[in-house]
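This report refers to the structure that appears directly beneath it.
The values are calculated or read from the model by the stated rules, or taken from the named source; none is laboratory data. Treat the numbers as computed from the prediction; the structure is a model and nothing was measured. No Cβ is skipped: glycine too gets one built from the backbone with ideal geometry, and neighbour counts run over all protein chains shown.
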Amino acid sequence: MNSIVLFKNNLRINDNPALFHASKSKNKILPVYIYDDIHVKKQLGSASRYWLHNALISLNKSLNFNLSFYRGDTIDVLMKIIKKYEISDIYCEQPFLKNDIILFDQLKLKLSMFNVKFNIYNCTLLWDPQYILKKDNTPYKVFTPYYKKGCLEKIKPDMPLGMPCKFNFVKKNNDSKIDDLKLLDKFRWYDKMDNQWNISENSAEKILDLFLESSIYNYKKGRDFPALNDTSKLSPYIRFGMISLNKIWYALDRLNFDRNIAHYKSELGWREFSYYLLYYFSFMETQNLQTKFDNFNWENSSEKFDAWKKGETGYPIVDAAMKELWETGYMHNRMRMVTASFLVKNLLVDWRLGESWFWDCLLDADYASNIAGWQWTAGTGADAAPYFRIFNPILQGEKFDHEGKYTLKYIPQLKDVPLKYLQKPWEYSSNLDYVNRIVDLKDSRDNALYHYSLIK
DNA sequence: CTGGAATTGTG
DNA sequence: ACAATTCCA
């Protein structure tokens, strides 16, 4: 008999529990990827599909070109393959998002009728949400106690399993090709990404090694400065499971304890917290977690939203960040907070619109982190920035891009503006080659606070 | 002036 | 990839 190893969001060989356990059994393995655009709440964004396409090419190579590609309903596809290849077992990652959990419940039922064993393993999270509860058996809603008491003090993440011992593949009897998944857009906008990222499991490990050798020791401070290179840049690899969280965690543990390392770990903790919140409060995928915000009167001006998307708000740090997103498929973490705050609070645009733009543009767009992050900035989420905390883009720019390097990288037409005026060029000259501000900072701030006062 | 080739712009 | 625009014999 044979086993299917079904790949979903963990496109790696090293420390992949599903693959590891499948390779230990006496069965031969048929590696399968199914691009299922039916059992999803949201279709993958354009940038995500580009990354996925390349990640799958890399995974296929690691599997000696034994990966089969399918498109369509996961259950239908699997039922067909099961008949064709004498399958007795399916190995897969454990789902944590609601849609996948429902799908896997249906699949499990169906498979049991055909005597196929469904083996699932946590390949995605350091802590399985179902085991992390407060003393009163209700879920945490505040990050710090969730992370410290619920996670760190209670359970150690699984030790990495390493590489599978040996592959014994089923002889593939199909000529499925990655191109059949049609992940890439016709217009090759993503060509400009090709020399920015090396999309393979090997590169992910190299990036981790490099990060742990150097910039992590300046992480706590350096992570706030978009012109520095002090963040890990692992996010798209983590999003597609091209590197294992357990492996990262224990690699960090092998370093001497340092507040920088603790801080980086806590950022991994925020990712866990996002999955955790969506696990227990799945309505927050589309609704405000704090329901009092349901009465909030968003302005949702399409002109302002378009200007934000294009990076033409007239505020250099916001525009630089939005251009970084458009041109690179990535945005520095602090800039994500600044641009999101600006959209939601200064432009009064519903966080869901910003969330969908990030979802389309980010190479690392993660379903849980994106939603939880936007709700956090909007002040509608758990343990969120209070609504009245409104980032001031001028001060943020002056504080975190004090040399103007990041701003000028993406808005080079401001290169002749003195540094003192870089974040407020309108005070320097009124005839620069740069857009006018679409809102006044003080007026829009007061307006946001007024709208907020109405729902309290 | 005109039709096809080359170039440009586009997510 | 494709449509719109410009170039040119």
Worksheet entry | Unique residue being farther than 23 Å from residue A:258 by Cα, surrounded by fewer than 19 Cβ atoms within 10 Å (Cβ to Cβ) and assigned by TED's automatic domain parsing to the domain that holds residue A:69 when the list is A:173, A:119 | A:119
Practice prompt. Mind counting the residues in the stretch A:185-224 that are outside any helix (DSSP H, G or I) and among the aromatic types (Phe, Trp, Tyr)?
Written response: 2
Worksheet item: Of the residues A:447, A:436, A:392, which single one is among the polar types (S, T, N, Q) and closer than 12 Å to residue A:317 by Cα?
Response: A:392
Worksheet item: Just for the stretch A:96-111: of the residues that are touching a residue at least 60 places away in the same chain (Cβ under 8 Å) and buried (at least 16 other Cβ atoms within 10 Å of the Cβ), which one is farthest from residue A:130 (Cα to Cα)?
Response: A:103
Item to complete: Mind telling me which of the residues A:175, A:179, A:194 ends up being within 21 Å of residue A:34 (Cβ to Cβ), within 16 Å of DNA strand C (Cβ to nearest atom) and of a type outside the set (Gly, Ala, Ser)?
Response: A:179
Practice prompt. Go through the stretch A:428-447 and give me each residue that's free of Cβ contacts under 8 Å to residues at least 40 places away in the same chain and of a type outside the set (Phe, Trp, Tyr).
Written response: A:429, A:430, A:431, A:432, A:433, A:440, A:442, A:443, A:446
Worksheet entry | Test: residue in the stretch A:237-249 that is outside any helix (DSSP H, G or I), closer than 20 Å to residue A:336 by Cβ and touching a Phe, Trp or Tyr at 6+ places or on another chain (Cβ under 8 Å) | yes
Discussion item. For the structure I just gave you, tell me whether residue A:264 is within 16 Å of DNA strand C (Cβ to nearest atom), at pLDDT 95 or above and either on the phi > 0 side of the Ramachandran plot or crowded, with 18+ Cβ neighbours inside 10 Å (or both).
Written reply: no
Discussion item. Just to be sure I understand, how many residues within the stretch A:246-261 are touching a Lys or Arg at 6+ places or on another chain (Cβ under 8 Å) and crowded, with 16+ Cβ neighbours inside 10 Å?
Written reply: 3
Worksheet, complete the sentence: Over the stretch A:422-440, the set of residues over 19 Å from residue A:338 (Cα atoms) and part of a helix (DSSP H, G or I) is A:426, A:427
Discussion item. When you scan the stretch A:160-173, do you find a residue that is away from DNA strand B (no atom under 16 Å from the Cβ), farther than 30 Å from residue A:383 by Cα and in contact with a His (Cβ under 9 Å, 6 or more places away or on another chain), even just one?
Written reply: yes
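Quick grid of which residues meet (1) part of a loop (DSSP other than H, G, I, E, B); (2) out of contact with any Asp or Glu (no Cβ under 6 Å at 6 or more places or on another chain); (3) touching a residue at least 24 places away in the same chain (Cβ under 8 Å):
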residue: A:120; (1), (2), (3): no, yes, yes
residue: A:139; (1), (2), (3): yes, yes, yes
residue: A:146; (1), (2), (3): no, yes, yes
residue: A:161; (1), (2), (3): yes, no, yes
residue: A:183; (1), (2), (3): yes, yes, yes
Worksheet item: Taking residue A:184 and the conditions (1) closer than 27 Å to residue A:8 by Cβ; (2) more than 16 Å from DNA strand C (Cβ to nearest atom), which numbered condition does it fall short on, given that it satisfies the others?
Response: (2)
Discussion item. Whether any residue in the stretch A:74-87 is more than 16 Å from DNA strand B (Cβ to nearest atom), touching a strand residue (DSSP E or B) at 6+ places or on another chain (Cβ under 6 Å), closer than 18 Å to residue A:181 by Cβ and not polar (S, T, N, Q) is what I want to check.
Written reply: yes
Response to the item:
Per the filter on the stretch A:190-211, residues closer than 20 Å to residue A:47 by Cβ and either touching a residue at least 60 places away in the same chain (Cβ under 8 Å) or small (Gly, Ala, Ser) (or both) are A:190, A:192, A:193, A:196, A:197, A:199, A:200, A:201, A:203, A:204
